[in-house]
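Take a look at the structure below.
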Amino acid sequence: MSWEDNVRKVVPYVAGEQPKDQDVIKLNTNENPYPPSPKVAAVIQGFDCDILRRYPDSDVSALVDALAERHGLDREQVFVGVGSDDVLAMSFLTFFQGKKPILFPDITYSFYDVWADLYRIPYEQQPLDETFRIKKEDYFRENGGIVIANPNAPTGVASKRSVLEEIVGANPDSVVVIDEAYVDFGGESCVPLIEKYDNLLVVQTFSKSRSMAGMRIGYAMGSRKLIGCLNDVKFAFNSYTMGAVAIAAGVASVEDEAYFAETTARVVATRERTKRELARLGFVFPDAKTNFIFAAHRSVPAQEIFDALRGNRMYVRHWNKPRIADHLRISIGTDEEMDKVLDFLESYLNGR
Ligand code: PMP
C-alpha cells in the first residue's frame, strides 16, 4: 500500500493553448477580440488596494444584485463563481448525487465528462444527429440530471428554447443545467423559463461576451431552491471564491449595457461575414450562433489546414476525436484578424 493508492485519479481537461508570443492571431479559445468596457478599466485603475487587507464579501452581494437586476430576477436566484467552469463544477457536485447516469451530448464541451469522472458521477452521452442537433427524445428517459450547452460547443449549433423547455418539463425529478456560455451571440436564452421550472439552472459567463476571460467570473440563475443548494455546497467548500477586484470589475461591466451590446453586435457582424467567406473558400459548417465557427473543408483535411495556419502563427482549435476530426473551430477575431486568416486560407488552398 502506498499513498498513491489513495490519490483521486482523473484525466484532466485540456484547455486551448495560451501562447506567450503576442504576435499570434489567436482564434483558439473563443476569447473576445475587444477589450472589456472602459468602465471596467476605470474601476481597476482606481481600485483602492487597502481594501485587499480584508476578506471579500463572501455573498458577492454587489455583483449578485447587479446581475439579478440585469436579468429581472431576485438576488436569491443568482449564484456567482470563478468563471462558469467553477459554477458548473460546483453544480455537478451539488446536483448530481444520484445513482442514475446524467445525460449530455456526445459532442459538447469536453469538461462535462471530466467533472463527471472527477466526482464519480455515472454518465451517458447522447449522440447528436448528423447535422449536430440534439434529439430531444434522447432526454426523455430516466436520468440523474441533464447538461446541455446552448448554443453548443464546439459546434456552434443553437437549440430553440421551446425544445429545451420540453426537456426541462419532461424531467421534473432531475436538475437540467443549460450552459449559456455563448448565448449572447445569437442564442435563445432559457432565463425566461426560470420562474416556471424549479429544476432549471442556467449558467452564463463574463469570459466571452463581456471580454473578461482573464478575470474569471461566471454565474448561475435558477429557482431560489436550486441557488440555495449551490450556496450550501459553496460555503462548505470555500467561502471566498470571488476576489474584491473581480467583484468590482464585474459590477462595472454589468452596468455598461451599451458597450456590451455594441461589442457583441460587432462580433456577430464579423462572424456573418466570415461565414460567407469560408463558404466561398469551400468550407461547410453548421449555422453558428456563437463567437466561433465549426468548419470542415470539402476536400482538404482539417489537420493539414490546422498545421498550415499554425505555421503562420494563426491558432485555431482541432480535436482528433471521432465525428469531429475533420472540423476546425475558428473563434471570431477582429475584422482585421479575420481578413488575414481568410487571405492566408485563400492563397494556401489555391496554391496546394
Ligand atoms: N462552457 C462552455 C461551453 C465553454 O466553451 C467554456 C469556455 N471554455 C466554459 C463553459 C467555461 O468558461 P469560463 O470558465 O471562462 O466561464
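Could you tell me what percent of the DSSP beta bridges with both partners in the chain are antiparallel, to the nearest 5?
50
As a check on your grasp of the helix formula, calculate [θ] at 222 nm for the chain: sum -39500 (n - 2.57) over DSSP H runs of n ≥ 4, divide by the residue count, round to the nearest 500.
The helix contribution divided over the chain gives -11000 deg cm²/dmol.
Less than 24 Å apart at the alpha-carbon level, and either on another chain or at least 8 residues along: which lysines does that give for Lys225?
Reachable lysines: Lys99, Lys100, Lys196, Lys234.
Would you list which lysines come within 16 Å of Lys26, measuring only between C-alpha atoms, while excluding same-chain residues fewer than 8 positions from it?
Within the straight-line cut-off, Lys26 pairs with Lys208, Lys340.
How many angstrom lie between the C-alpha centres of region 286-352 and region 33-51?
34
Among DSSP beta bridges whose residues both lie in region 177-266, state the antiparallel percentage, nearest 5.
60
Between Ser110, Ser58, Ser299, find the one with the highest GNM mean-square fluctuation for the chain; connect C-alpha pairs within less than 10 Å.
Highest fluctuation of the listed residues: Ser299.
Amide H to amide H under 5 Å from Ala158: which residues, 5+ apart in sequence or cross-chain, H placed 1.01 Å off N in plane?
Asn152, Lys289
Between Gln303 and Val7, what is the FRET efficiency for a Förster distance of 25 Å, r being their Cβ-Cβ separation, to the nearest 0.05?
The pair Gln303/Val7 has a calculated efficiency of 0.15.
May I ask you to evaluate 6.51 cos²θ - 1.76 cosθ + 1.60, the Karplus curve with θ = phi - 60°, for each residue of region 140-145 and list the ³J(HN,Hα) values in order in whole Hz, giving x for glycine and proline?
Coupling constants for region 140-145: 9, 9, 4, 7, x, x Hz.
Run the simple label-point estimate for Leu342 and Arg54 please: 7 Å along Cα→C-beta, distance reported in nm.
5.1
Would you list which lysines come within 19 Å of Lys321, measuring only between C-alpha atoms, while excluding same-chain residues fewer than 8 positions from it?
none
Test of understanding: in a Gaussian network model of the chain with alpha carbons linked when under 10 Å, which of Ala213, Ala181, Ala258 would top the mean-square fluctuation ranking?
Ala258
For the chain, with a Gaussian network of springs between Cα atoms less than 10 Å apart, report the residue from Ile146, Ile44, Ile332 with the top mean-square fluctuation.
Taking springs between Cα atoms under 10 Å, the residue moving most is Ile44.
Read-outs throughout are calculated quantities, based only on the coordinates presented, and are distinct from any laboratory measurement. Here the structure is a predicted model, which means the values were calculated and not measured. Positions of Cβ are generated from backbone atoms using ideal geometry, with glycine treated the same way; all protein chains shown enter the neighbour counts.
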